[in-house]
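Below is one structure, written out as structure tokens, with a few remarks after it.
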Amino acid sequence: MAQQPGFDFFGFGGKLGDENEVREKFWRTAKKAARQIPFMEEVVAAYYCAMDKNTPLRAKGVLLAALGYFVLPVDVIPDFVFGLGFTDDIAVLTAAITAVSAHITPAHRQAAKDAIADKG
């Protein structure tokens, strides 16, 4: 039996989550969270780092797991809870970005600046 490629980041209901699912949901969630996450530019840079083919697999896995948690509608603290909704997401993203910060390049940061300027 062949397995679908990807990592089981989501792990809910046996549904396999992968890069494509993170890509599809990232911008929608980022736009919703932009006012509540003070380091959104760094989050977007992490997104570009995770999608970069030159990023080592371990760093990519850490970032995709954190970004997957960010876009997941089911959290420890649901995102719709005013004032608290993104606090768990912030903690997970901060830990992931700190762990792989050496792999987030100036090119990723510039792409993030450009993307935020275009989408803002």
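Checking the cross-link filter: which lysines have an alpha carbon closer than 24 Å to that of Lys113, excluding same-chain neighbours under 8 positions apart?
Lys25, Lys31, Lys32, Lys53, Lys60
Using a 1.4 angstrom probe on the protein heavy atoms only, line up Lys60, Lys113, Lys32 by accessible area, largest first.
Lys32, Lys113, Lys60
Hey, rough spin-label estimate for Trp27 and Thr105, points 7 angstrom out along Cα→Cβ, what's it come to in nanometres?
2.3 nm
The values are calculated or read from the model by the stated rules, or taken from the named source; none is laboratory data. All values derive from a computational prediction rather than experimental measurement. Note: ideal-geometry Cβ built from the backbone for every residue, glycine included; neighbour counts use all protein chains shown. Side chains are part of the model used for accessible areas, which takes the heavy atoms of the whole protein and leaves out ligands, DNA and RNA. Shrake-Rupley method; radii C 1.70, N 1.55, O 1.52, S 1.80 Å.
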